[in-house]
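Only one structure is covered here, and it is reproduced in the block below.
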Amino acid sequence: MQAEQTKPRKIDAEALRSLIDLERALRQHIDALFAIPCESDVAAEAITMAINAAEAALARVRAAKPLMTIYRFSEKRSDAMKRNAIQIGRVYTAKVSGRLTSVRIDNANPHGGWDATNLATGKKVRIKSARRLRGEATSPRAAETPLQRSE
């Protein structure tokens, strides 16, 4: 049970958007309650209670939002590679231009990272960080160049 509490949770973006929408709606309701004119003490008491309840709910929403942000940024991607696990000449799956593709690591770049070849296009790419590599490519066709595939 203790380990479950310390383990970071995954953030649901839709839940965070719902919290933001709820916060906006509560602020609007509080403003609307303040704008209600009341002449009787009973009505004023009811409005005061409603405002207090809405402000308490708003405080809970505001307290929950930073926790969700912390969880989102504290999670580490488990499929990212470490620098010392990368070998020259091997084929890896990498994120290039927003897409996952197979790349062959050609050599280490003197400015850091690696020079590689995108096997889908044949173009040279620079891998600046091991985080862009997702692991060794598993497809047997991943090591083939585009010219070899067309033959």
Next item on the list: Give the number of residues within region 108-137 that are more than 18 Å from Arg83 (Cβ to Cβ) and among the aliphatic types (A, V, I, L, M).
Entry: 3
Item checked: Condition met for Arg104 (modelled with pLDDT of 90 or more, open to solvent by 60 Å² or more (accessible area, probe 1.4 Å) and outside any loop (DSSP other than H, G, I, E, B)) -> yes
Note to self: I need the full set of residues from region 25-55 which are free of Cβ contacts under 8 Å to residues at least 24 places away in the same chain and of a type in the set (Gly, Ala, Ser), in order please.
What the structure shows: Ala25, Ala32, Ala35, Ser40, Ala43, Ala44, Ala46, Ala50, Ala53
Item checked: Criterion (farther than 30 Å from Leu16 by Cα and modelled with pLDDT of 90 or more) met by exactly one of Asn109, Asn84 -> Asn109
Next item on the list: Could you figure out which of (1) modelled with pLDDT of 85 or more; (2) touching a Lys or Arg at 6+ places or on another chain (Cβ under 9 Å); (3) outside any helix (DSSP H, G or I) isn't true of Ala54?
Entry: (3)
Note to self: Here is a check on your reading of the model: is Ala94 assigned to a helix (DSSP H, G or I), at pLDDT 85 or above, open to solvent by less than 100 Å² (accessible area, probe 1.4 Å) and of a type in the set (Gly, Ala, Ser)?
What the structure shows: no
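The values are calculated or read from the model by the stated rules, or taken from the named source; none is laboratory data. Owing to the predicted nature of the structure, the values given are computational and were not obtained by experimental measurement. Cβ atoms come from the backbone with ideal geometry, glycine included; neighbour counts cover every protein chain shown. Each accessible area value is taken on the protein alone, full model and side chains, heavy atoms only, with ligands, DNA and RNA left out. Shrake-Rupley method; radii C 1.70, N 1.55, O 1.52, S 1.80 Å.
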